[in-house]
Amino acid sequence: MAGVELSGVSKRFGDVSVIDNVSLEIAQGEFVVFLGPSGCGKSTLLRLVAGLEQLDEGAILIDGNRVDNLPPGKRDVAMVFQHYALYPHMTVRDNLAFGLRNTGVSEDEIGGRIATAVEKLEIGDFLQRRPGQLSGGQKQRVAIARAIVKQPKLFLFDEPLSNLDAALRARTRIELAQLHQQLRTTMIFVTHDQVEAMTLADRIVVINERRIEQIGTPMEVYRRPATSFVASFVGTPKINLVPVTAANAGGLAAARMPDGTLLETTIPWDEALARDGATLGLRPENVRITGATQGQAPATARVVERLGERTIVYAALADGTLLTTEDRGDSTVQPGDEVGLAIDGNAAHLFAADGTGHHAGAA
Amino acid sequence: MSSAAVRRVPRAAVIGVTMAAGLMVLPMLWVLILSLKDSSALMADTTTAFSPPWTLVNYANIVGDGQVAVWLLNSTIVSLLMTGGVLFLSSLAGYGFARLEFPGRNILFIVVLFGLAIPEQAVIIGRHQLFAAAEMHNTYTALVMPGLSAPFGVFLMTQYFRAIPREIDEAAMLDGASRFRVFWRVLLPLTVPAQATLGIFTFFHAWNDYWWPLISATNRDMLTLTVGIAASQQNFAQAEGLGFLMAQAVFAGLPVLIIYVIFQKYIVRAVAGAAGQ
Ligand SMILES: Nc1ncnc2c1ncn2[C@@H]1O[C@H](COP(=O)(O)OP(=O)(O)OP(=O)(O)O)[C@@H](O)[C@H]1O
Ligand SMILES: [Mg+2]
């Protein structure tokens, strides 16, 4: 049985459509991440599930029961907000207990659940403090604890890590992953940070402009992006997108790059690629720096970023097209050097004029 | 406020503020001293106030005189009712304007704001006629009711509720709280600083109000303290009882002083305009 099911969900604010006919099934116990740029509607979609917004069309089911007509408190979901939304005038303990008291859980039971959550999230030291006396990270743990004690069927997170500093964000991310492994409760997590999405998700739902662009495991989304939008949104450094002319070379696609280089790929030929010009997608790790006379294309290094374990080189092709490329960590390339680019045609992606992705190998 | 912030005040400022404070306090001390003198001694020469004998006879007379006690009771009842009423109505209205969607909300709010701009003087005759026609003068209702239309209170509470992030309401709704429970258990407690500010100002205003009680309450038993004391000045007491009059003034000011001492923290904040923090 599906943990959560959205079918044909649409939402408008006034005349502005924010969610357009979205359908989605989330399995029991799955960790799903809604990933998309700012303003794409991912918070709205989450709030529809929570019941904080009313949908205009479609249906939402949790555990097989239709919930879209129920108030938020009756949906058996818990939400962690970006700004924590703790009750400022209550102690941490009362924050945790408030929801349980509302639903008539006995004080004994409340005490037990709080004790468990306190242990999991290590918030025992400040149970009697008020939120104003906590650091951002501590507040976030309390907010998560407040969700856990409710033992809901579904957890909703709206960018819960975005207010934390980098180190704490990474730590909390790991803790969330562990929490999910322990609880095995369905979770929906909203973020615009693709690293969070890649590391946390069982499946990623990439959203752009009111619609779902792709649903897939992190590796599917990375390896077989359904659209050029998904390709450019997932992965750092960003994928290279180069306008090309694609041609049929014996059933496989070959792409003529702007500098004249012909790149042979293992992507099955599709007539859609011939129309109106296509776009070639090359991940930086598939464009390696080699000696000046080697590789498929000559280029000039412009900017060199040394990251330690690898080196990112921004290299210009003969016609000036700039590509993000990778070299070894001990690379000696200097800006201005003439280099060769070894492009892995097997790992290339082609996007038809409408943005649809074409990839090597079976679909 | 940290003590570090207090420490670095220039000496000149301290001296200036002390002197200004002294000037403010001087008339009050004068009133206090006069109230401690027998009226007949003051008749001869007010400078005798600086030399003994001092006496509490004026205060004894106040307590002995049933009339002042009645006025004190009236003032207390009217001020408390008005304060409670304003807090109750302003909180509900503020919540409504800040959180409920209803047609005409913005226009209605503007109408409330217009209320801020209309002085009491402009409406007092009409108000008098209204209460006269309803034969309601000389009742607590008449003394309290006009004060309940408090555009400033509605405005203050609306802004205060608006400043509370909606995420808080939403978290409470997800926690299974009804709309009333969200209001009562979550939002209202967060407005306590604003309630205190509004309550204190309303109470002071009601306590010190002179004009409307003067018009509405003509029956001696319905006078408030301010009107009652002023009325005392027009009889022989004004000529003969300066000490008694001053004792009345001190007496009238005491409740305000007591309130101030209790709610000092909130009053200072309110005046400093930091009530939101
Ligand atoms: N209450 C509202 N009234 C009108 N428009 C709204 C409302 N809430 C959201 N929108 C609009 O809906 C769109 C989607 O908003 P949403 O908050 O879902 O974006 P998001 O993907 O969560 O973005 P972010 O990453 O910035 O949080 C935005 O264009 C926003 O302006
Ligand atoms: Mg959002």
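The values are calculated or read from the model by the stated rules, or taken from the named source; none is laboratory data. Everything numeric in this text was worked out from a predicted model, so none of it was measured. Cβ placement follows ideal geometry from the backbone for every residue including glycine, while neighbour counts extend to all protein chains displayed. These accessible areas exclude ligands, DNA and RNA; they are computed on the full protein's heavy atoms, side chains included. Shrake-Rupley method; radii C 1.70, N 1.55, O 1.52, S 1.80 Å.
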Open item on the list: Please pick out the residue among B:GLN195, B:GLN248, B:GLN159 that is under 23 Å from the mean Cα position of the chain (by Cα) and within 13 Å of another protein chain (Cβ to nearest Cβ).
Closed with: B:GLN195
Open item on the list: If I go through region A:224-248 residue by residue, how many of them are within 22 Å of A:GLU271 (Cα to Cα) and either free of Cβ contacts under 8 Å to residues at least 60 places away in the same chain or basic (Lys, Arg) (or both)?
Closed with: 5
TODO: From B:ALA13, B:ALA60, grab the single residue that is exposed (fewer than 10 other Cβ atoms within 10 Å of the Cβ), of a type in the set (Gly, Ala, Ser) and part of a helix (DSSP H, G or I).
DONE: B:ALA13
- [ ] Mind counting the residues in region A:28-43 that are more than 10 Å from ligand 2 (Cβ to nearest atom), small (Gly, Ala, Ser) and farther than 13 Å from A:ILE188 by Cβ?
- [x] 0
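Every residue, every condition in (1) within 14 Å of another protein chain (Cβ to nearest Cβ); (2) more than 19 Å from the chain's Cα centre (by Cα), yes or no:
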position	(1), (2)
A:VAL4	no, no
A:GLY8	no, yes
A:PHE13	yes, yes
A:LEU35	no, no
A:GLY39	no, no
A:ASN65	no, yes
A:LYS74	yes, yes
A:MET79	yes, no
A:GLN82	yes, no
TODO: Can you confirm whether region A:251-261 contains a residue that is buried (at least 18 other Cβ atoms within 10 Å of the Cβ) and of a type outside the set (A, V, I, L, M)?
DONE: yes
TODO: Those residues that are surrounded by 18 or more Cβ atoms within 10 Å (Cβ to Cβ) and within 16 Å of ligand 1 (Cβ to nearest atom), I need them from region A:154-163; list them, please.
DONE: A:LEU156, A:PHE157, A:ASP158, A:GLU159, A:PRO160, A:LEU161
Open item on the list: Of the conditions (1) of a type in the set (Asp, Glu); (2) at positive phi; (3) within 16 Å of ligand 2 (Cβ to nearest atom), A:GLU122 satisfies every one except a single condition; which number is it?
Closed with: (3)
Open item on the list: Checking the conditions here, which among A:VAL142, A:VAL195, A:VAL206 is without any contact (Cβ under 8 Å) to a residue 60 or more places away in the chain, within 16 Å of ligand 1 (Cβ to nearest atom) and farther than 23 Å from A:ASP63 by Cβ?
Closed with: A:VAL195
Open item on the list: With the structure loaded, tell me whether B:THR202 is among the β-branched types (Val, Ile, Thr) and away from every other protein chain (no Cβ under 14 Å) or whether it fails that test.
Closed with: yes
- [ ] Name the single residue, out of those in region A:126-183 being among the aromatic types (Phe, Trp, Tyr) and either outside the structural domain of A:PHE31 (by TED's automatic domain parsing) or within 24 Å of A:SER38 (Cβ to Cβ) (or both), that is nearest to ligand 2 (Cβ to nearest atom).
- [x] A:PHE157
TODO: For region A:178-192, name all the residues that are under 12 Å from the mean Cα position of the chain (by Cα) and either open to solvent by less than 10 Å² (accessible area, probe 1.4 Å) or free of Cβ contacts under 8 Å to residues at least 12 places away in the same chain (or both).
DONE: A:ILE188, A:PHE189, A:VAL190, A:THR191
Open item on the list: Test of understanding: among A:GLY216, A:GLY235, which residue is out of contact with any strand residue (DSSP E or B) (no Cβ under 7 Å at 6 or more places or on another chain) and of a type in the set (Gly, Ala, Ser)?
Closed with: A:GLY235
Open item on the list: Just checking, does region A:193-210 include any residue being among the basic types (Lys, Arg), touching a strand residue (DSSP E or B) at 6+ places or on another chain (Cβ under 7 Å) and under 17 Å from A:GLU30 (Cβ atoms)?
Closed with: yes
Open item on the list: List the strands (runs of 3 or more DSSP E) inside region A:1-104, counting only whole elements, that have at least 3 residues being without any contact (Cβ under 8 Å) to a residue 60 or more places away in the chain, surrounded by fewer than 20 Cβ atoms within 10 Å (Cβ to Cβ) and within 16 Å of ligand 1 (Cβ to nearest atom).
Closed with: A:2-13
Task: Matching residues, region A:46-99, being of a type in the set (Ser, Thr, Tyr) and away from ligand 2 (no atom under 16 Å from the Cβ) - done: A:TYR87, A:THR91
Open item on the list: A:ASP125 - would you say it is in contact (Cβ under 8 Å) with a residue 60 or more places away in the chain and of a type outside the set (A, V, I, L, M)?
Closed with: no
Open item on the list: Condition first: under 18 Å from A:ARG47 (Cβ atoms) and within 8 Å of the chain's Cα centre (by Cα). Now tell me which residues in region A:193-213 satisfy that.
Closed with: A:VAL205
- [ ] Output the strands (runs of 3 or more DSSP E) that fall wholly within region A:139-211 and possess 1 or more residues being away from chain B (no Cβ under 14 Å), or say none.
- [x] A:186-191, A:203-208
Task: Test: residue in region A:13-22 that is closer than 30 Å to A:MET198 by Cβ, away from ligand 2 (no atom under 16 Å from the Cβ), among the hydroxyl-bearing types (Ser, Thr, Tyr) and modelled with pLDDT under 95 - done: yes
